[in-house]
Amino acid sequence: MEQRGRIRVGFREIAIAAAAAVVLGATAYWFLELRGRESTDDAFVEGHLVFLSPRVAGQVSEVLVDENTHVRAGQVLVRLDPADFEVRVARARADLEAAKDRMAQSRAAADAASAQARAAAVRVRHSEQELTRAHGLYERKVSSGSQLDSAVAERDAATAELRAAEQRELAERAAIANAAPVLQAEAALREAELALEHATITAPFEGDIGRKSVELGANVSPGQPLLALAASSGNWVSANFKETQVGRMRVGDPVEIYVDAYPGKALRGHVESISPATGAKYALLPPDNATGNFTKVVQRIPVRISLDRDPPGAADVAAASPEPLSVGLSVSVSVRVR
């Protein structure tokens, strides 16, 4: 009996020691590991995603990609029927040539009016000389008054012809100086050329085609979404931390990222930026706490986390993101705060 009591006492001491070791280990783990971390599962993969739409109206003549296909930057995705746009370009080019021809005609007319003005000036000088001689002859009673009147009329006609030629030259010079018709025609041509260029829809960056809602032969309008394009690189994580978690968080703090789609794999990253406002303030109808009854709700602050592609010491953590890291995937993040 005495030996059994000693055995029971020994087991009790071992159990107490084991429990103390567990508590001590948990306390040390919390102090060394968890105390300096802030974690959340309210986080998602974000990336550059754009819905491509035409800038001109037209009929689809070619669809060169399918959903979930990889495309290069500048690759042609959709073409609209270019016939109408080519006709507009030809008409605008003809209007430009016509405007240039009218400008050339005005220049030629101005030169002709200048020549007529010089000829009229010569006749004015000659008529004035004739008028001086006729006036002298009339005073000496050598010629009649009708001859003097004819000389005066000739002088006045030459002067009027000179003024008319000068006015025509001024008008033509003004038409030449006003280049608005040519500029308007050039702008119309450029507009038609741009419409022809916009009939071809290309990929603005390298990525993967997502939702495709365009079909061959469909009539599309400007701004109508046709394709979704997600960038194949440059993704980041947007994590929404509670306001009580970001007090010690700083830009550059290291982050461990766990993607739900890839269990057992961890990614490294770092805090790139912290939002200057809570997520509620970016809502369409932000809350107004100055009206009605107030209920305090812990706010969430978006934190942008950049993925590290080649982190040092990546033996225990994946060095690069698994592919594909699709936009919208759910993740959990743990930030090592300083």
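Screening residue 220 with (1) touching a residue at least 60 places away in the same chain (Cβ under 8 Å); (2) surrounded by fewer than 19 Cβ atoms within 10 Å (Cβ to Cβ); (3) in contact with a strand residue (DSSP E or B) (Cβ under 7 Å, 6 or more places away or on another chain) gives one miss only, at (2). Given the structure, is residue 237 closer than 30 Å to residue 336 by Cα, β-branched (Val, Ile, Thr) and buried (at least 19 other Cβ atoms within 10 Å of the Cβ)? So residue 237 passes the test.
Here is a yes/no grid of residues against (1) crowded, with 17+ Cβ neighbours inside 10 Å; (2) over 25 Å from the mean Cα position of the chain (by Cα); (3) modelled with pLDDT under 95:
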{"position": "38", "(1), (2), (3)": "yes, yes, yes"}
{"position": "55", "(1), (2), (3)": "no, no, yes"}
{"position": "68", "(1), (2), (3)": "no, no, yes"}
{"position": "83", "(1), (2), (3)": "no, yes, yes"}
{"position": "93", "(1), (2), (3)": "no, yes, yes"}
{"position": "102", "(1), (2), (3)": "no, yes, yes"}
{"position": "106", "(1), (2), (3)": "yes, yes, yes"}
{"position": "121", "(1), (2), (3)": "no, yes, yes"}
{"position": "131", "(1), (2), (3)": "yes, yes, yes"}
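Filtered by the rule that a residue be out of contact with any Leu (no Cβ under 7 Å at 6 or more places or on another chain), at pLDDT 65 or above and within 30 Å of residue 263 (Cα to Cα), region 284-319 gives 298, 299, 300, 301, 302, 303, 304, 305, 306, 308, 309. Scanning region 207-224 for residues being in a loop (DSSP other than H, G, I, E, B) and farther than 14 Å from residue 67 by Cα gives a total of 7. You will find that of 220, 214, 237, the residue that is out of contact with any helix residue (DSSP H, G or I) (no Cβ under 7 Å at 6 or more places or on another chain), modelled with pLDDT of 90 or more and under 23 Å from residue 328 (Cα atoms) is 237 and no other. Scan region 183-211 for residues that are surrounded by 14 or more Cβ atoms within 10 Å (Cβ to Cβ), modelled with pLDDT under 90 and not assigned by TED's automatic domain parsing to the domain that holds residue 60 and the total you get is 2. Residues that are loosely packed, with under 14 Cβ neighbours inside 10 Å, in contact with a strand residue (DSSP E or B) (Cβ under 9 Å, 6 or more places away or on another chain), within 16 Å of residue 44 (Cβ to Cβ) and modelled with pLDDT of 90 or more occur in region 330-337; there is at least one. Being in a strand (DSSP E or B) and surrounded by fewer than 19 Cβ atoms within 10 Å (Cβ to Cβ) is a property that does not hold for residue 252.
Pairing each residue of region 242-264 that is farther than 11 Å from residue 335 by Cα with any residue that is of a type in the set (Lys, Arg), provided the two are 6+ apart or on different chains, yields C-beta distances under 9 Å for 242/300; 243/300; 258/265; 259/265.
Restricting attention to region 259-271, the residues being farther than 21 Å from residue 207 by Cβ and surrounded by fewer than 18 Cβ atoms within 10 Å (Cβ to Cβ) number 6.
The values are calculated or read from the model by the stated rules, or taken from the named source; none is laboratory data. Not measured: the values here are computed from a predicted model. Virtual Cβ from ideal backbone geometry, glycine too; neighbours counted across all protein chains shown.
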